[in-house]
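Chemist: Mind having a look at this structure? Questions to follow.
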Amino acid sequence: MKTYLVGGAVRDRLLGRLPTERDYVVVGATPDDLLALDFRPVGKDFPVFLHPRTGEQYALARTERKTGPGYRGFATRYSPDVTLEEDLARRDLTINAMAEDADGRLVDPHGGLCDLESRVLRHVSPAFVEDPLRVLRVARFAARFASLGFSVAPETMELMRRIVAGGELGTLAPERVWTETDRALGEARPTVYFETLRACGALASVFPELEALYGVPQPEKWHPEIDAGDHTMQVLEVAASLSADTTVRWAALVHDIGKGVTPREDWPRHIGHEETGARMIVDLSARLRCPNEHRDLAVLVARHHARAHRALEQRPGALLELFERTDAFRRAERFERFLLACEADARGRGPERRAAPYPQAVLLRKCLVAASAVRLDPADTAREPGPIIAERMKAARIAAIRAACGT
């Protein structure tokens, strides 16, 4: 029985990055061998075990054979005679198909080290096309390593196009699509994920709402970048620079999807796209089964980002209405994320606006603090009915906002 460190831990060490997790392949063993050593089984489709002390993952060497459509359509074989090289051959990219033995010696049958040095994301074998999930995985790795100069090999991109053309992306479970997307949103360059999907034709299949934005014009006065798809990627890029929170990045990504269904005869105006987009986000969230916090923030940003942009010219009562509609008094942390997404939208409009200030957020934060500090004297309200108390609280908050605005 031999144990090898495999996959991301090997890749990241060679890149000089700190590995986030360490996975191992065990060659020449059976499940009973690991159980006898007190390893805890966790795998469903094939034997995966957790180390009794470190909790790290150990999987028996295995091979896979395509038996049906989709990423689940595989027959897995594991036995003591499966070699390390056979196990590595089933992996997606050469940079993920390397291993280290117990003495730290590199096992690299597919040229992963060379591709690391050349900054290329390349498939291991033609069997790459058998798993549609790999389209999303490659796009995610492209987003992760774009800042290091990595790009997808042309021949790998061609295989991704073949997968898309074959229609197998439709077999992916919504949860898997969301998991890959959420992880991609957390990478340093999340825009590369969506750009890569679009380059191979997958965006139209997985995110048709985003694909529909490309080629849709916007008023040049407000959007010098004009194209709604280009604007969306610029907004996501700014959002990534403002926050590592994937709820903020997701809200920035989908805030304008209502523009994708504007009738052509109405272009470049998009009257009512905010409310249309909010409804579309609810449907999209249900389809992908994304978390409620992602959905809820995205709906608020889609519905109210224009109100935030107009904060400097609005009356105190309108600002209070924005706070109430976004539940800012009870959900101040979420309102802060709302402001970050709105700022990304305002700055994602061409290079000349990329570093522009967003004084609307400064004002709204100041006004929210002032309005939140308002308290009514219980002695004055003890005998008053609820509606009267509510009106008094509203008037006091408007006064506080007016004072904060200096008007």
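Chemist: Ranking PHE39, PHE46 by Cβ neighbours within 10 Å, fewest first, what do you get?
Modeler: Ascending number of Cβ neighbours within 10 Å: PHE46, PHE39.
Chemist: Taking the highest mean first, how do the peptides 89-100, 260-271 order by number of other beta carbon atoms within 10 angstrom per residue? Each step should come with its number before you reach the end.
Modeler: Numbers: 89-100: 22.7, 260-271: 13.4.
Per-residue Cβ counts within 10 Å, averaged per peptide and sorted highest first, yield 89-100, 260-271.
Chemist: Students often get this wrong: which residues of segment 80-104 have the backbone nitrogen under 20 Å from the point 7 angstrom along Cα-to-C-beta of GLU158?
Modeler: So the set is 92-95.
Chemist: Here is a further query. Give me the distance in nm between label points sitting 7 Å out from Cα along the Cα-to-Cβ direction at LEU18 and LYS366, one decimal.
Modeler: 3.9
Chemist: Here's another thing I want to ask about it. Taking the convex hull of the alpha carbon atoms in segment 225-370, what volume per residue do you get, in Å³?
Modeler: 110
Chemist: Now for a different question. Near the amide H of VAL48, under 5 Å away, which other amide H atoms are found, from residues 5 or more places off or on another chain, if H is placed in the peptide plane?
Modeler: Close amide H contacts, sequence-distant or interchain: VAL42, GLY43.
Chemist: Please find, in a Gaussian network model of the chain (springs between Cα atoms separated by less than 10 Å), the residue of ALA102, ALA278, ALA184 whose mean-square fluctuation is greatest.
Modeler: The residue with the greatest mean-square fluctuation here is ALA102.
Chemist: Less than 11 Å Cβ to Cβ from GLU324, Lys/Arg counted +1 and Asp/Glu -1: what total charge do the surrounding residues give?
Modeler: Overall, the nearby charge balance is +2.
Chemist: Tell me, what is the FRET efficiency for SER151 and THR83 to the nearest 0.05, using R0 = 30 angstrom and their Cβ-Cβ distance as r?
Modeler: 0.45
Chemist: Just need the Rg to Rh number for segment 251-315, please, alpha carbons only, Kirkwood Rh.
Modeler: Looking at segment 251-315, the ratio lands at 1.03.
Chemist: Then there is this: With no solvent and one equal point scatterer per Cα, compute the Debye intensity ratio I(q)/I(0) for segment 1-117 at 0.11, 0.12, 0.13, 0.18 Å⁻¹ and report its log10, rounded to two decimals.
Modeler: -0.36, -0.43, -0.51, -0.96
Chemist: Can you list the lysines whose alpha carbon is less than 23 Å from that of LYS394, not counting same-chain residues fewer than 8 positions off?
Modeler: LYS366
Chemist: Another question, if that's okay. Restricting to DSSP H runs of at least four residues, report the calculated mean residue ellipticity at 222 nm for the chain, -39500 (n - 2.57) per run over all residues, nearest 500 deg cm²/dmol. Each step should come with its number before you reach the end.
Modeler: On the way: 19 runs with 204 residues, N = 407.
Value at 222 nm, helices only, nearest 500: -15000 deg cm²/dmol.
Chemist: Right, something else. Would you look at the GNM of the chain, springs on alpha carbons closer than 10 Å, and say which of HIS231, HIS123, HIS223 moves the most?
Modeler: Highest fluctuation of the listed residues: HIS223.
Chemist: With Cβ to Cβ distances under 9 Å as the rule, what net charge do the other residues near ARG354 carry (K, R +1; D, E -1)?
Modeler: Neighbour charge sum, excluding ARG354 itself: +1.
Chemist: So, in nm, how far is label LEU50 from label ALA204 when the simple model puts each one 7 Å beyond its Cα toward the Cβ?
Modeler: 4.5
Chemist: Still on this model: Please compute the length gained on full extension between SER118 and GLU313, using 0.36 nm multiplied by the number of residues separating them and subtracting their Cα-Cα distance.
Modeler: On the way: separation 195, 0.36 × 195 = 70.20 nm, distance 5.27 nm.
Full extension of this stretch gives 64.9 nm more.
Chemist: How long is segment 113-188 along each principal axis, judged by its Cα atoms, biggest number first, in Å?
Modeler: 34, 29, 16
Chemist: Can you compute the charge dipole magnitude of segment 119-206 about its Cα centre, using +1 on each Lys and Arg Cβ and -1 on each Asp and Glu Cβ, nothing else charged? Give it in debye, rounded to the nearest 20.
Modeler: Details: 12 positive and 10 negative charges, 52 e Å.
Dipole of segment 119-206, to the nearest 20 debye: 260 debye.
Chemist: Near the amide H of LEU121, under 5 Å away, which other amide H atoms are found, from residues 5 or more places off or on another chain, if H is placed in the peptide plane?
Modeler: It is SER151, VAL152, ALA153, by chain and number.
Chemist: I've got another one for you. Springs between alpha-carbon pairs under 10 angstrom, Gaussian network model over the chain: which of LEU116, LEU15, LEU236 fluctuates most?
Modeler: LEU15
Chemist: Just report the Cα centroid separation between segment 277-330 and segment 106-158, whole Å.
Modeler: So the two Cα centres are separated by 38 Å.
Chemist: Would you tally the net charge around PRO217, using a Cβ to Cβ cut-off of less than 13 Å, leaving PRO217 out, and scoring K and R as +1, D and E as -1? Spell out each step's value before the answer.
Modeler: On the way: positive: LYS221, LYS259, ARG264, ARG269; negative: GLU220, GLU225, ASP227, ASP230, ASP256, GLU265, ASP266.
Combined, the nearby Lys, Arg, Asp and Glu give -3.
Every read-out reported here was derived from the displayed coordinates using simple, explicitly stated rules and does not represent laboratory data. Keep in mind the model is a prediction, meaning the values are calculated, not measured. With ideal geometry, Cβ positions are generated from the backbone for all residues, glycine too; neighbour counts draw on all protein chains shown.
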